[in-house]
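Report on the structure given below.
Since every read-out is calculated from the coordinates, none of them should be taken as a lab result. Nothing here was measured: the structure is a model prediction, and the numbers come from that model. Cβ placement follows ideal geometry from the backbone for every residue including glycine, while neighbour counts extend to all protein chains displayed.
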Amino acid sequence: MKSKVDIYKEKFNEDGAPGLDAINVKEKEIYGDQEATHWATIVPYELGGPDPLWAIECFRSKKQQEHIHYITLGFTNLWYGEEFADDEVNGFDDFHYMSANGPIMIGTDTEITAFTFYTDPEMGEIDTPNGSVKFLQLYGITGKEYSDLKEKKYTAKELTDKHRAYNPLLITDLNRK
């Protein structure tokens with residue numbers, strides 16, 4: 001019986017990007033032929049650059065309301081690597097939360113100064129040749145909500161579920177109070 005690594009080596013080659021290809025397939029399922037706006041680092045982290053993200057892709061969406069859907073590339077293994085054939089990396093997870101140390105959009109008076117994490121309702125989770133990937137969405141919360149989370153007045157799940165009741169895609173509204 002062949003190992004996962006042997007199967008991986010038969011299907012992919014060192015010039016490939018099987019993780020990235022799997023993500024692109026999922027993006028195509030959601031956005032069809034829409035071409036993403038794409039920003040990439042000059043020197044990728046794996047080549048000694050300072051930025052852990054390889055790139056950010058943005059898609060215009062009119063689902064629920066007009067918005068831009070940002071998808072980061074680089075928190076998972078994108079390129080060929082036999083050692084990734086059975087990999088699973090998950091530093092953040094659903095209902096983790098963190099402060100942004102100020103407004104999430106510099107130069108605004110938004111009260112959105114923190115985030116909760118939730119599995120992206122559209123991208124979800126996918127299996128790639130480089131392991132399983134859960135796309136986590138950052139949902140902007142107010143400083144008051146963040147304080148309430150820290151004081152355990154409610155859980156991040158309770159807060160997120162409350163917002164999902166009227167905002168199923170958890171689109172961050174910078175004007176929300």
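Counting Lys and Arg as +1 and Asp and Glu as -1, each charge on the Cβ, what is the dipole of the stretch 54-140 about the Cα centre in debye, to the nearest 20? Taking the Cα centre of the stretch 54-140 as origin, the dipole is about 480 debye.
With a simple spin-label model that places each label point 7 Å from the Cα along the Cα-to-Cβ direction, the separation between T72 and K157 comes to 2.4 nm. Annotation: peptides 157-163, 130-136, 44-50, 19-25, ranked by per-residue average of other Cβ atoms within 10 Å with the highest first, follow the order 130-136, 19-25, 157-163, 44-50. To the nearest 0.05, what FRET efficiency results for K63 and N90 with a Förster distance of 22 Å applied to their C-beta separation? Taking R0 as 22 Å, the efficiency between K63 and N90 is 0.25. Sorting M105, M123, M1 by the number of Cβ atoms found within 10 Å of their own Cβ, with the fewest placed first, yields M1, M105, M123.
Only one residue of T142, W79, S132 has its Cα farthest out toward the positive end of the dipole of the chain, where Lys and Arg carry +1 and Asp and Glu -1 on Cβ, and that residue is T142. In this rough spin-label picture, where each label sits 7 Å from Cα along the Cβ direction, the S99-S3 distance is 4.7 nm.
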